């Protein structure tokens, strides 16, 4: 989970950045199983957040293993490709540990809905992520 995203973070306002960061945290926490390495990597990847209060808030979610509540994403109505890039980044976070639990899949669907995507579009990205994860497993075998 590197700090390099497909999502054009530099095009986001502060509230959008905080939403994206919360969505990343929610994917990591969705299954309740978080390793110290995942936390360290996640926090490093959130360097785009400039507000110490936002970082502290997200750290508390991680500390208490509580998934942040996500409202609908506001903005980029004329740029669905930017929202799609967030979905791709989020599936990569979900499959980083080569396991995509039912809870993580459910959270991914929830986030996709908050981004305004149909269930079918979200499922399409999810299935592509599962195929990539399977290829990662084959390459590691």
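Just so you know, all these numbers are worked out from the coordinates, no wet-lab data involved. Everything numeric here is computed off the predicted structure, so don't read it as measured data. So basically every Cβ, Gly included, is an ideal-geometry build from the backbone, and we count neighbours across all protein chains shown.
Between residue 39 and residue 128, what FRET efficiency follows from the Cβ-Cβ distance if R0 is 25 Å, with the result rounded to 0.05? Walk me through the intermediate numbers first.
Details: r = 27 Å, r/R0 = 1.06.
For residue 39 and residue 128, the calculated efficiency is 0.40.
For the chain, with a Gaussian network of springs between Cα atoms less than 10 Å apart, report the residue from 124, 46, 24 with the top mean-square fluctuation.
Residue with maximal mean-square fluctuation among 124, 46, 24: 124.
When the chain is treated as a GNM, springs tying every alpha-carbon pair under 10 Å, which of 89, 53, 99 comes out with the largest mean-square fluctuation?
The residue with the greatest mean-square fluctuation here is 53.
Give the label of the value calculated from the structure for semi-axes √(5λ) of the Cα gyration tensor in Å, choosing from [x] 96, 15, 9; [y] 36, 16, 13; [z] 21, 19, 14.
[z]
Under a 10 Å cutoff between Cα atoms, tell me which one of 79, 92, 109 has the largest fluctuation in the Gaussian network model of the chain.
Looking only at 79, 92, 109, the biggest GNM fluctuation is shown by 79.
How high is the relative contact order of segment 12-140? Use alpha-carbon pairs under 8 Å, at least six apart in sequence, and give a whole percent.
Working: 103 pairs, mean separation 39.1, N = 129.
Contact order relative to length: 30 percent.
Going by Cα centres, segment 1-59 and segment 71-121 are how many Å apart?
After rounding, the separation between the Cα centres reads 14 Å.
How much length is gained on full extension from residue 106 to residue 6, taking 0.36 nm per residue of separation minus their Cα-Cα distance? Intermediate values should be presented prior to the final figure.
On the way: separation 100, 0.36 × 100 = 36.00 nm, distance 2.23 nm.
That pair, residue 106 and residue 6, stretches by 33.8 nm at full extension.
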